[in-house]
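Q: Got a structure for you, questions after.
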Amino acid sequence: MKIALISPSKVHLSEMSQVLQGPTPSALHGAAHELLQIEGGRSRLAEVVETHQPDLVVVDGMGRDPDELEPVEQVTAAHPQLAVLMLCAQQSPEFLLRAMRAGVREVLGSPPTPASLLMAVERVDRRRSGAAARPRGRVLGFASCKGGSGATFIAANLAYQLAAEKSVLLIDLNLQFGDALGMLSEQPAALSLADVAREIDRLDAAFLGACTTRIHERLSVLAAAEDVTDGLEVRPEHLEAIVKLARRHYDFVLLDLERHLDPLSIRAMDLADQLFVVMQAGLPWLRNARRLQKLLAGLSYPADKVHWLVNRVERGDDIGLDDIAQALGVEQVRSVANDWREVSACINQGTALIEQARSSAVVRNLAELARSLGPQTGEPPSLLSRLFRRA
């Protein structure tokens, strides 16, 4: 692949060239890339593309003014097969959206970290070379049968532990008061699920990735919008398009569902391969669990799709795990221990529990859950197909 690096900084050009020419055969499939170093700014983009006809252009030194993107848009419109990566020291949500509309594949920091640059180039290379489609990722839904059950905490921390070895996307579907991102990081979300919904017509892997907040190289969060009214723009068909795309690019897609049931949450449960209902060992949770169980049965979900997860379990609870399993008519329920002091501390600090208390029983329980998750075997049937099959 021919890559043109354009930057006003000789230092940046040298650093990027060393990264892309370094000993990283696994990251770049062992392919030899032809690199061109062009000293200058965005004004040289059209000249470089016309003269050298690269497959990928990395443009450094962009500012925050959306008007700077006009020449980029002209070039991408004239050369639709060209991939453009943009490097900006500062980025605003408005600038990121405008960049995506201008045909920019991804926007990275300036200078980019070696890992982010390698992964971005790898994504372009895979798309250009038509690499074999990866296995479909697994979609996991997490629902609370009563407020305060801890479903968001479990979804976020399980996502973090899964990302030790797999690529993971966590989608916050609590559209009005979502806090999944806050469980793992104090950084604000640049863009949100609502932003993706507004631009759903141009949804692709690059755009989806640009709208997520990166926790680390294998874990991203698609956050709920800060403005509660923006959540009204997300519709079930938007979510379906996002999840179907995400499962082609991530090993796991975790959905943190709202507690109340509506068309969006039902579509989310339809899309999930496995649904984890989080509860506590108390009578109010058990009553709600039985109500929810009847509803899920009415949706014709197979028995092995729904899993009951009892959070904050302690020895001597008035209602034991066997009691809950018997009341729900299931063979067993999964459990997560109560470690309120450590859990509360990590939530207040916006960090994953495993980073603060690796020896916590909660960390061990989530590790066991992560190990139990098998490979994806196929997309779950839709509600419509289940209804026809049942008829």
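The values are calculated or read from the model by the stated rules, or taken from the named source; none is laboratory data. Just so we're clear, the structure is a prediction, and the values are computed from it rather than from any experiment. All Cβ positions, even for glycine, are placed from backbone atoms using ideal geometry, and neighbour counts span all protein chains on display.
Q: Quick one: which of Asp273, Asp304, Asp317, Asp256 is farther than 16 Å from Asn365 by Cα, free of Cβ contacts under 8 Å to residues at least 40 places away in the same chain and in contact with a Gly (Cβ under 9 Å, 6 or more places away or on another chain)?
A: None of the other options fit; the residue is Asp317.
Q: Now, a different point. Take the stretch 172-209 and flag every residue that is under 13 Å from the mean Cα position of the chain (by Cα) and surrounded by fewer than 19 Cβ atoms within 10 Å (Cβ to Cβ).
A: Answer for the stretch 172-209, where residues must be under 13 Å from the mean Cα position of the chain (by Cα) and surrounded by fewer than 19 Cβ atoms within 10 Å (Cβ to Cβ): just Ala205.
Q: Considering the stretch 39-63 alone, what residues qualify as being of a type in the set (D, E, K, R), within 24 Å of Gln90 (Cβ to Cβ) and in contact with a helix residue (DSSP H, G or I) (Cβ under 7 Å, 6 or more places away or on another chain)?
A: Hits for the stretch 39-63 are Glu39, Arg42, Asp60.
Q: Among residues belonging to the stretch 302-337 that are farther than 25 Å from Asn157 by Cα and in contact with a strand residue (DSSP E or B) (Cβ under 7 Å, 6 or more places away or on another chain), point out the one that is surrounded by the most Cβ atoms within 10 Å (Cβ to Cβ).
A: Leu328
Q: Out of everything in the stretch 344-358 that is touching a helix residue (DSSP H, G or I) at 6+ places or on another chain (Cβ under 6 Å) and assigned to a helix (DSSP H, G or I), what residue ends up being farthest from Phe153 (Cα to Cα)?
A: Only one residue fits best here, namely Gln356.
Q: Regarding the stretch 266-279, can at least one residue be identified that is within 29 Å of Leu193 (Cα to Cα), of a type in the set (S, T, N, Q) and in contact with a Leu (Cβ under 6 Å, 6 or more places away or on another chain)?
A: To start, the set of residues in the stretch 266-279 that are within 29 Å of Leu193 (Cα to Cα) comprises 266-279.
Restricting the remaining residues to those that are of a type in the set (S, T, N, Q) gives 274.
So of that shortlist, the ones also in contact with a Leu (Cβ under 6 Å, 6 or more places away or on another chain) come out as 274.
Taking every residue of the stretch 266-279 in turn, at least one turns out to be within 29 Å of Leu193 (Cα to Cα), of a type in the set (S, T, N, Q) and in contact with a Leu (Cβ under 6 Å, 6 or more places away or on another chain).
Q: Additional query: Which is among the hydroxyl-bearing types (Ser, Thr, Tyr), surrounded by fewer than 17 Cβ atoms within 10 Å (Cβ to Cβ) and in the same structural domain as Lys244 (by TED's automatic domain parsing), of Ser360, Ser344?
A: Just one listed residue meets the conditions, Ser344.
Q: Can you confirm whether the stretch 83-95 contains a residue that is acidic (Asp, Glu) and modelled with pLDDT of 85 or more? Spell out the reasoning first.
A: Initial filter on the stretch 83-95 (acidic (Asp, Glu)): 94.
Among the residues that remain, those that are also modelled with pLDDT of 85 or more are: none.
Within the stretch 83-95, not a single residue is acidic (Asp, Glu) and modelled with pLDDT of 85 or more.
Q: Any idea which of Gln187, Gln161, Gln176 is part of a loop (DSSP other than H, G, I, E, B), touching a residue at least 24 places away in the same chain (Cβ under 8 Å) and either of a type in the set (A, V, I, L, M) or in contact with a helix residue (DSSP H, G or I) (Cβ under 6 Å, 6 or more places away or on another chain) (or both)?
A: When all the criteria are applied, what remains is Gln176.
Q: Still on this model: If you check Arg247, Arg218, which single one turns out to be under 26 Å from Ala297 (Cα atoms) and among the charged types (D, E, K, R)? So that I can check it myself, show each step before the final result.
A: On the way: Arg218 fails: under 26 Å from Ala297 (Cα atoms).
The unique qualifying residue is Arg247.
Q: Going through the stretch 249-297 one residue at a time, which ones are among the β-branched types (Val, Ile, Thr) and modelled with pLDDT of 95 or more?
A: Once the filter is applied, which keeps residues that are among the β-branched types (Val, Ile, Thr) and modelled with pLDDT of 95 or more, the stretch 249-297 yields Val253, Val277, Val278.
Q: Kindly indicate the residue of the stretch 64-82 that is under 11 Å from Arg101 (Cα atoms) and crowded, with 17+ Cβ neighbours inside 10 Å and also modelled with the highest pLDDT among those meeting that condition.
A: My answer is Thr76.
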